[in-house]
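Input: a single structure, listed below in structure tokens.
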Protein chains: 2
Amino acid sequence: MSIKTAITALSAILGDQLSLSKPDLEAHGQSESHFAPALPDAVAYPENTAQVAEIVKICNAHDCPVIAYGAGTALEGHTLAPKGGVTLDLGKMNKLLKINAEDMDAVLQPGLTREELNTELRATGLFFPVDPGANATLGGMASTRASGTTAVRYGTMRDNVVALEVVLADGRIIRTGSRARKSSSGYDLTALFVGAEGTLGIITELTLRLHGQPEAVSSAVCAFNTITDAVNAVICTIQMGIPMARIEFIDEDTTRACNAFSGTDMAQVPHLMVEFHGSDAGVAEQAETFGEIVADMGGTGFKWSSKPEERKALWQMRHNAYYACLALRKGAVALITDVCVPISRLAEAVEASRQDIAASPLQGPILGHVGDGNYHAMFLVEPGNNAEMKLAKELSNRMVERALKMGGTATGEHGIGMGKQDYMQAEHGDGWALMGEIKQALDPKNTLNPSKVVRSQPNNP
Amino acid sequence: MSIKTAITALSAILGDQLSLSKPDLEAHGQSESHFAPALPDAVAYPENTAQVAEIVKICNAHDCPVIAYGAGTALEGHTLAPKGGVTLDLGKMNKLLKINAEDMDAVLQPGLTREELNTELRATGLFFPVDPGANATLGGMASTRASGTTAVRYGTMRDNVVALEVVLADGRIIRTGSRARKSSSGYDLTALFVGAEGTLGIITELTLRLHGQPEAVSSAVCAFNTITDAVNAVICTIQMGIPMARIEFIDEDTTRACNAFSGTDMAQVPHLMVEFHGSDAGVAEQAETFGEIVADMGGTGFKWSSKPEERKALWQMRHNAYYACLALRKGAVALITDVCVPISRLAEAVEASRQDIAASPLQGPILGHVGDGNYHAMFLVEPGNNAEMKLAKELSNRMVERALKMGGTATGEHGIGMGKQDYMQAEHGDGWALMGEIKQALDPKNTLNPSKVVRSQPNNP
């Protein structure tokens, strides 16, 4: 029983849906962040659930790891293959199967991306709001419990996945949830697979909640003298109950990076970018109250965009912030933090992180989804420079320790993958052991995405 | 190893916190609905988490069932003790431990009731919205994934439990989640225990999300000629994106019951009761649009209440509907259905149920949280009349089959307990087997609330 025998068996049934070509292995064995490449032995391109089940069954029988792969935009090395095996590229399973407009849900395959879904929804008056920036696949977004700029209003993938079809490690196909808007019907299996990073099962179909396209949308960007002023404006806005659709923070380094990358001319100070959704009157009311809060906090340079093309440019700039920051240092790779803290501690947390980074020789622009208490520092590290990587990890460790002390989490939206496992014991205590026990029960041979989320299992270390 | 030896051991450490008195056993061994009493052998009244852990550890060692008990308002026999054992009455663990007003969350013990919590929150400007009608404990509400009248706006317990402390079957104490508003940090253990009905662990502390008390509130009741008109008004309101805080349906039998029980004088036709929360302008806008929809559907007799005492009377009447319906037949017990269907199928489902019931000799008033697609028929059965109970179950079976065919669920908010297990195979297929495997992994000796949610486990049938 080995990876080799599994691949021989797969080859017989998959034909040219199984690739052993070096470029394919390399493309699937690298990631967007600082992790060293780790290549699979083969890449399978299944076309339907039955094929996924067959592949998983064969691999499980032969102790061959199976790594689900969407668009490869994960930031914690989720799709790498440190133990080799078969990468399951779900790109061919990218159909939108059904839009139930009256029920405001859609049924689709995991390889569909969020932008593709929203393009198809445009004429229906509905949209899918979860927006991690990258044009990730919806299966991947569910698997990392992704969120991003709109979670403050519409929630994360946890809140917007209604039901799933999942292939288990032994090849059984199950359905979790129903199309009802709520249920008390047993253990919440949907929630168990959302955020499981492909370690408990392979998501082969999703039912997602859709939302009505808002009647009116208004976006703005405004400048603050200090991080604390900007964050306090956010806290105040939340506490006033203003239903922001987006509220994003970029510090002065990120502002500088965006100006250079996207050709904007923001003042080199911290900024907030906000968006309101609602009726015409509702949006006007929200914008007015927000404007007063910003003025109270010394915010200036308010620019409102209600034209679609201006808004698009604004959010394109925000979505490109990752690449903009990367471009601050030529050839650098990024180690990205992802802490999330209770809102009341946010200003203190961001300010402490800023000072910590300022005292180090590394660049580490900060940006974040501050309406959720979630922010990222992007440490720009020279590839292969171990001293710099060590320093970046030390800075990251301190951010996480501080966040945990404040009642927060090591990862608000990127997931654990290979990069955040060292924090799990501190964050969850015996809860992490329990996660391992669940993994052991559902995937006793550790076939599904081994070395991610939980530590390796006792009977397959 | 037996229940008896467990009780002897518990008695030594608990003293008068362990009761063997007949009235205590009887009070904890009955339920609010049609199930035959099933008494525990003892009732324990722990005062803190350490005691809960000690009790569970002893019971687990001696193969003695442990049944968590809150206010006893569950409707599916969740707190009955069909295999005897020790009922863990959490009534002494009823402290509100902390209100984090800035973060809009509260930390509390499981025995606190939702009304007690809201009384304590009154001065803070915050409230806890989930409202199943009964003044249930918050631990119990989490355990059944309760919802009720406000879920259409504020979500269910799934959406409002941020973090938990849980005692596992082997006595380990774990914490799930953090106080951050979102997290991608591993398997969603919080969601796993919410709705697990005490079969996977005992909830000993909860962190709940709070919401701002709305600036303006307005409630209304209005009458419709037919069920279909009323339900279509709901569907239309949802699709217009009007953020109702509550939207409740009562059919003409329930209307008659409420008039008799609460002294109201509604016309004997189907009614909707609604509530809007928001700013003054927002509520006025919502109410106006809703009024137009109702008029389009032939609704009449609109009565708006913006005075707190009128609203209180309206919702008190709604909350008493269960007792009002019970009073329609003296001495009757109720078998209550709880299906939830996609909104687009709601009118069809309710109408088919209504016709089914009308063609039977049983009374079965219908009411529901129609904004979620969730409704209940209450079959009034003479105690001990097996023919009537058989008929009620047949009607219930048909409602569930119809709901499942429509993509719905057998239980929107009441849970499985002892009453809904027969539908689980049809609803979940292999997903139900997976629930059993999770139960087996977390509670291998089947100590925690046996005979609920999942079928008995292989090694302890």
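The values are calculated or read from the model by the stated rules, or taken from the named source; none is laboratory data. The structure presented is a predicted model; accordingly, all values stated were derived computationally and were not measured. Cβ coordinates were reconstructed from backbone atoms using ideal geometry, including for glycine residues, and neighbour counts include every protein chain displayed.
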Residues in the stretch A:378-387: is at least one out of contact with any strand residue (DSSP E or B) (no Cβ under 6 Å at 6 or more places or on another chain), outside the structural domain of residue A:243 (by TED's automatic domain parsing) and among the polar types (S, T, N, Q)?
yes
Within the stretch A:132-148, how many residues are closer than 25 Å to residue A:215 by Cα and surrounded by fewer than 24 Cβ atoms within 10 Å (Cβ to Cβ)?
2
Exactly one condition in (1) in contact (Cβ under 8 Å) with a residue 40 or more places away in the chain; (2) surrounded by 24 or more Cβ atoms within 10 Å (Cβ to Cβ); (3) out of contact with any helix residue (DSSP H, G or I) (no Cβ under 7 Å at 6 or more places or on another chain) is false for residue B:184; which is it?
(1)
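Counting only residues that are within 13 Å of chain B (Cβ to nearest Cβ) and out of contact with any Phe, Trp or Tyr (no Cβ under 9 Å at 6 or more places or on another chain), which one in the stretch A:450-461 is modelled with the lowest pLDDT?
Taking the stretch A:450-461 and keeping what is within 13 Å of chain B (Cβ to nearest Cβ), we get A:452-455, A:457.
Right, trim to out of contact with any Phe, Trp or Tyr (no Cβ under 9 Å at 6 or more places or on another chain) and you get A:452, A:457.
Numbers: A:452: 96, A:457: 52.
So, considering only residues that are within 13 Å of chain B (Cβ to nearest Cβ) and out of contact with any Phe, Trp or Tyr (no Cβ under 9 Å at 6 or more places or on another chain), the one modelled with the lowest pLDDT is A:457.
From the set of residues in the stretch B:236-256 that are β-branched (Val, Ile, Thr) and outside any helix (DSSP H, G or I), which is nearest to residue B:273 (Cα to Cα)? Talk me through it step by step, then tell me what you get.
Filtering the stretch B:236-256 for residues β-branched (Val, Ile, Thr) gives B:237-238, B:242, B:247, B:250, B:254-255.
Those still in the list that are outside any helix (DSSP H, G or I) too: B:242, B:247, B:250.
Values: B:242: 15, B:247: 6, B:250: 8 Å.
Looking at the filtered set, the residue picked out is B:247.
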Scan the stretch A:78-92 residue by residue and report those that are surrounded by 24 or more Cβ atoms within 10 Å (Cβ to Cβ) and more than 14 Å from chain B (Cβ to nearest Cβ).
A:79, A:80, A:81, A:85, A:86, A:87, A:88, A:89, A:90
Breaking point among (1) out of contact with any Gly (no Cβ under 6 Å at 6 or more places or on another chain); (2) within 13 Å of another protein chain (Cβ to nearest Cβ); (3) over 20 Å from residue A:81 (Cα atoms), for residue A:439:
(3)
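Please specify each residue of the stretch A:263-282 satisfying the condition of being outside any loop (DSSP other than H, G, I, E, B), among the hydrophobic types (A, V, I, L, M, F, W, C) and surrounded by 18 or more Cβ atoms within 10 Å (Cβ to Cβ).
Of the stretch A:263-282, the ones outside any loop (DSSP other than H, G, I, E, B) are A:271-278, A:280-282.
Now narrow it down to the ones that are among the hydrophobic types (A, V, I, L, M, F, W, C): A:272-274, A:276, A:281.
Within the stretch A:263-282, A:272, A:273, A:274, A:276 qualify.
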Residue identified as without any contact (Cβ under 8 Å) to a residue 24 or more places away in the chain and not assigned by TED's automatic domain parsing to the domain that holds residue A:198 among A:393, A:452, A:405, A:439
A:405
If residue B:35 meets every condition in (1) modelled with pLDDT under 95; (2) of a type in the set (Phe, Trp, Tyr); (3) in contact with a helix residue (DSSP H, G or I) (Cβ under 9 Å, 6 or more places away or on another chain) apart from one, which number is that one?
(3)
The lone exception for residue B:231 - which of (1) outside any helix (DSSP H, G or I); (2) among the hydrophobic types (A, V, I, L, M, F, W, C); (3) at pLDDT below 95 it fails
(1)
Verdict on residue A:241 being free of Cβ contacts under 8 Å to residues at least 12 places away in the same chain, touching a strand residue (DSSP E or B) at 6+ places or on another chain (Cβ under 7 Å) and either basic (Lys, Arg) or not assigned by TED's automatic domain parsing to the domain that holds residue A:363 (or both):
yes
State yes or no: is residue B:447 surrounded by 18 or more Cβ atoms within 10 Å (Cβ to Cβ), at the interface with another protein chain (Cβ under 7 Å from one of its Cβ atoms) and of a type in the set (S, T, N, Q)?
no
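Got a sec? Which of A:257, A:287 is surrounded by 23 or more Cβ atoms within 10 Å (Cβ to Cβ) and among the small types (Gly, Ala, Ser)?
Details: A:287 fails: surrounded by 23 or more Cβ atoms within 10 Å (Cβ to Cβ).
After applying the criteria, what remains is A:257.
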Can you say whether residue A:113 is in contact with a Leu (Cβ under 8 Å, 6 or more places away or on another chain) and at the interface with chain B (Cβ under 10 Å from one of its Cβ atoms), as far as the supplied structure shows?
no
Would you tally the residues in the stretch A:320-331 being crowded, with 18+ Cβ neighbours inside 10 Å and within 18 Å of residue A:272 (Cβ to Cβ)?
3
Within the stretch B:371-383, is even one residue more than 11 Å from chain A (Cβ to nearest Cβ), of a type outside the set (D, E, K, R) and within 20 Å of residue A:162 (Cα to Cα)?
yes
Residue A:394 passes all but one of the listed conditions (1) more than 7 Å from chain B (Cβ to nearest Cβ); (2) under 24 Å from the mean Cα position of the chain (by Cα); (3) under 25 Å from residue B:192 (Cβ atoms); the exception is number (3)
